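Structure first, commentary second.
The values are calculated or read from the model by the stated rules, or taken from the named source; none is laboratory data. Treat the numbers as computed from the prediction; the structure is a model and nothing was measured. When we count neighbours, we look across all protein chains shown, and the Cβ atoms used for this are built from the backbone with ideal geometry, even at glycine.
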Amino acid sequence: MKFLELEGIQKVYGPNTVVQDFNLSVDKGEFVTFLGPSGCGKTTTLRMIAGFEIPSAGAIRINGKDVTNLKPNQRQIGMVFQAYALFPNMTVADNVAFGLKVAGQSSEAIRKRVGEMLDVIKLPQFGDRYPYQLSGGQQQRVALARALAIKPQVLLLDEPLSALDAKIRLSLREEIRSLQRSLGITTIFVTHDQEEALSMSDRIVVMNEGRVEQIGAPFEVYNFPRTRFVASFVGTLNILRGKVVDGASGRITIDDQQVIAGRSMGNLQNGEVRSVALRPESVTLNGAGEKRNAMQGIIEEVSFLGAVVRMRVRFRDNAISLDTFNNPGAPPPERGAPVTVSFQPEDLLVLEGETH
Amino acid sequence: MKSSKVGPWLAIILGALYFIVPLIATFEFSLRMKRGQYSFEAYRIVLADPQFRATFLFSTIVALAAIVVGALLVVPTAYWVQLRLRRLRPLIEFITLLPLVIPAIVIVFGYIRMYNSSSILPLTSTAAGTNVLLTIGYVTLALPYMYRAVDTGLRAIDVRVLTEAAQSLGAGWGRILFRVIFPNVRVAVLSGAFLTFAIVIGEFTLASLLNRPAFGPYLQLMGANRAYEPSALAIIAFAVTWACMGLIQLVGRGARGATPVR
Ligand SMILES: Nc1ncnc2c1ncn2[C@@H]1O[C@H](COP(=O)(O)OP(=O)(O)OP(=O)(O)O)[C@@H](O)[C@H]1O
Ligand SMILES: [Mg+2]
């Protein structure tokens, strides 16, 4: 039995179905991320777990207990909001103590637990401050402490980092993850930032238009996307148009240059035109290795990003981006220079369904 | 350039004169009780009058009761409208504005008809019942101000998110209202309270027609029978009202500027 189970969850608002056929099982202590574009139903699903919305169909179980129709204040769930949602009239310590007071703990126990939590979030001196006297990052840490103080069964975070600036976002990301690991708390984290999802999660649920597109570990979702949406939403992707020459052996042509595609979603029909995906990091310039696919093109653009140099190579109708590491001994080619790019058949993925 | 500045100033000066001259005249008159010299004799007499004290105390108590009842009525209502019934907001706003449109005399005649001694709820047949009716009437009269103040206060905080945060921490409605919502609209409730006080303290129609010993009817009685004391009373009432306004400003500023850093 899994710790948190969502079974056949559906949510309908009037004529709109915003979440559909959502199934997910989460292990105790697992960190699962909902990833998807704006409006795909991440928040709605999270709010159903929290009890702020009741599913139109389906069941939610926590630790074997059906909580589908329980009120939010009966679920023992910790929630962290994008907008921090600290109580402005209370000090940091009183904010953290709020849930403990509701639970009717003794003032001694509360004082001790608040102290512990402030230590955990590394703000031990801030108990007497008011929320408006804290930075955004500090406020969000207090919100985290407040949610965790009651030892919730599940921790839910709805884009907790998106209101913060880039530096804080990175450090808080690591802080949340290590805290989650050390407490072993089952966590659902909502984000539309794929880098956040890839770097933090045990598993990612990729969502699109109210449906689950794929559930898997970051490595799996990134390298073996099961749908075209996942392939294009997670990571940067080159999408090319290829014509199938021989479906059985995976031979296709891209702008009349023949290559072999090692992976495909669905069967290939000879002569059909399909979308083909290729990650920038799988492409090597000028056949540096023994990669089996090679194509001729012209450098169209070079952007120097520091450790990485990103180049755009045009064939005829199609163009791809590729990444090389910066090498002080070998300056990148000029614009307009003819080059050869190479990649392995396994890195070339023929996408399912319609062409673009 | 110059004429464009003269115009507004002229308007301001005229407006100020319109308000200030009668006030000064009243004040000046109230000082002239003793022949040939300025004195606070009229004020002394007024303040020493047991009637004054009794009626002022009565009105103050009714005002406080109206404030408490009004706050308990308005805050949860405005909160619920903001949280769950957004679509009803125009309707609720309209209802809260009605007391500005319906004259107090209409309201009080309605009350007397509805709650007379032969009705199902004969509030007017006892003094205590009539006091309740009076309080409720004042809550109604103050409703437009109280509602507006509280609604503005609620808009300044994210009601929904705070509610959900409290709920996820296990809180029920009572705790959410009294520990989270009320404290965060404290300033708004207070400014609504001062306005209520200012309205109630000098109110005549309701108190007179319900025959309660309030400050308003006392003012009227004095005005009809004395020369200097009414002026003194008018100045006192005016001062009380202005003190209320001043307190609104003070409390409002205090809440924003407070920096409790140690
Ligand atoms: N109370 C509601 N009534 C009607 N439609 C709603 C309601 N709440 C959400 N929706 C709709 O449901 C869809 C999903 O919304 P949701 O907030 O879950 O998206 P999201 O994935 O969290 O997006 P974002 O990344 O922008 O936060 C949206 O199209 C939204 O308009
Ligand atoms: Mg959202």
What is the one condition in (1) within 24 Å of A:ARG47 (Cα to Cα); (2) in a strand (DSSP E or B); (3) among the charged types (D, E, K, R) that A:GLU196 does not satisfy? (2)
Please go through segment A:58-76 and pick out each residue that is among the hydroxyl-bearing types (Ser, Thr, Tyr) and touching a residue at least 24 places away in the same chain (Cβ under 8 Å). none
Name the pairs: first residue in segment A:140-160 and under 21 Å from A:LYS112 (Cα atoms) and of a type in the set (Lys, Arg), second residue within 16 Å of ligand 2 (Cβ to nearest atom) and modelled with pLDDT of 95 or more, Cβ to Cβ under 6 Å, at least 6 apart or on different chains? none
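Here is a list: B:ALA156, B:ALA165. Which entry is farther than 20 Å from B:LEU88 by Cβ, in contact with a strand residue (DSSP E or B) (Cβ under 8 Å, 6 or more places away or on another chain) and among the hydrophobic types (A, V, I, L, M, F, W, C)?
Matching residue, one of B:ALA156, B:ALA165: B:ALA165.
Which one of these is in contact with a strand residue (DSSP E or B) (Cβ under 8 Å, 6 or more places away or on another chain) and in contact (Cβ under 8 Å) with a residue 60 or more places away in the chain: A:GLY297, A:GLY250, A:GLY336?
Values: A:GLY297 fails: in contact (Cβ under 8 Å) with a residue 60 or more places away in the chain; A:GLY336 fails: in contact (Cβ under 8 Å) with a residue 60 or more places away in the chain.
Selected residue: A:GLY250, the only one of A:GLY297, A:GLY250, A:GLY336 that is in contact with a strand residue (DSSP E or B) (Cβ under 8 Å, 6 or more places away or on another chain) and in contact (Cβ under 8 Å) with a residue 60 or more places away in the chain.
Considering each of A:SER282, A:SER232, A:SER201 in turn, give the residue that is more than 16 Å from ligand 1 (Cβ to nearest atom) and closer than 25 Å to A:MET48 by Cβ. Don't jump to the end; show me each part of the working.
Numbers: A:SER282 fails: closer than 25 Å to A:MET48 by Cβ; A:SER232 fails: closer than 25 Å to A:MET48 by Cβ.
None of the others qualify; the one that does is A:SER201.
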Single residue of segment B:93-120 satisfying the filter (among the aliphatic types (A, V, I, L, M) and assigned to a loop (DSSP other than H, G, I, E, B)) that is nearest to B:ALA207 (Cα to Cα): B:ILE102
Hits in segment A:42-61 - residues which are away from ligand 1 (no atom under 14 Å from the Cβ) and on the phi < 0 side of the Ramachandran plot: A:ALA57, A:ALA59, A:ILE60, A:ARG61
Test B:LEU162 against the criterion of being touching a Gly at 6+ places or on another chain (Cβ under 6 Å) and within 11 Å of chain A (Cβ to nearest Cβ), and give yes or no. no
Tell me which of these A:GLU195 doesn't satisfy, since it passes every other one: (1) touching a residue at least 60 places away in the same chain (Cβ under 8 Å); (2) within 16 Å of ligand 1 (Cβ to nearest atom). (1)
If you take the residues in segment A:144-186 that are within 14 Å of chain B (Cβ to nearest Cβ) and within 18 Å of the chain's Cα centre (by Cα), which one is farthest from ligand 2 (Cβ to nearest atom)? A:LEU155
Please state which of the following conditions A:TYR84 fails to meet, knowing it meets all the rest: (1) in a loop (DSSP other than H, G, I, E, B); (2) of a type in the set (Ser, Thr, Tyr); (3) away from every other protein chain (no Cβ under 14 Å); (4) out of contact with any strand residue (DSSP E or B) (no Cβ under 8 Å at 6 or more places or on another chain). (3)
Return the residues of segment A:268-326 that are in contact with a Leu (Cβ under 6 Å, 6 or more places away or on another chain) and of a type in the set (Gly, Ala, Ser); say none if nothing qualifies. A:SER275, A:ALA277
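Looking only at segment A:172-193, which residues are under 21 Å from A:CYS40 (Cβ atoms) and at pLDDT 90 or above?
First pass over segment A:172-193, keeping only residues under 21 Å from A:CYS40 (Cβ atoms): A:187-193.
Matches in segment A:172-193: A:THR187, A:ILE188, A:PHE189, A:VAL190, A:THR191.
Out of A:ALA50, A:ALA57, A:ALA93, which single residue is more than 16 Å from ligand 2 (Cβ to nearest atom), under 25 Å from A:LEU161 (Cα atoms) and modelled with pLDDT of 90 or more? Please lay out each step first, then the result.
Working: A:ALA50 fails: more than 16 Å from ligand 2 (Cβ to nearest atom); A:ALA57 fails: under 25 Å from A:LEU161 (Cα atoms).
Answer to the selection: A:ALA93.
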Any residue in segment A:54-65 that is within 14 Å of chain B (Cβ to nearest Cβ) and touching a Pro at 6+ places or on another chain (Cβ under 6 Å)? no
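When the residues of segment A:1-36 are narrowed to those that are of a type in the set (Phe, Trp, Tyr) and surrounded by 14 or more Cβ atoms within 10 Å (Cβ to Cβ), which ends up farthest from ligand 2 (Cβ to nearest atom)? Walk me through it before giving the result.
Within segment A:1-36, the subset of a type in the set (Phe, Trp, Tyr) is A:3, A:13, A:22, A:31, A:34.
From what is left, the residues that are surrounded by 14 or more Cβ atoms within 10 Å (Cβ to Cβ) are A:3, A:22, A:31, A:34.
Values: A:PHE3: 24, A:PHE22: 15, A:PHE31: 18, A:PHE34: 9 Å.
Filtering first and then ranking leaves A:PHE3.
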Could you list all residues from segment A:323-356 that are under 27 Å from the mean Cα position of the chain (by Cα) and farther than 22 Å from A:LYS243 by Cβ? A:ASP323, A:THR324, A:PHE325
On the given criteria, is A:GLN76 within 16 Å of ligand 2 (Cβ to nearest atom) and at the interface with chain B (Cβ under 10 Å from one of its Cβ atoms)? no
Of the conditions (1) touching a helix residue (DSSP H, G or I) at 6+ places or on another chain (Cβ under 8 Å); (2) more than 14 Å from chain A (Cβ to nearest Cβ); (3) not in a loop (DSSP other than H, G, I, E, B), B:ILE181 satisfies every one except a single condition; which number is it? (2)
Check off (1) within 14 Å of another protein chain (Cβ to nearest Cβ); (2) closer than 23 Å to A:ILE204 by Cβ; (3) among the β-branched types (Val, Ile, Thr) for A:VAL26 and give me the number that stays unchecked. (1)
Only one of A:GLY104, A:GLY64, A:GLY137, A:GLY39 is surrounded by fewer than 20 Cβ atoms within 10 Å (Cβ to Cβ) and within 16 Å of ligand 1 (Cβ to nearest atom); which? A:GLY39
Where in segment A:1-54 are there strands (runs of 3 or more DSSP E), lying wholly inside it, with at least 1 residues that are more than 19 Å from the chain's Cα centre (by Cα)? A:4-13, A:16-26
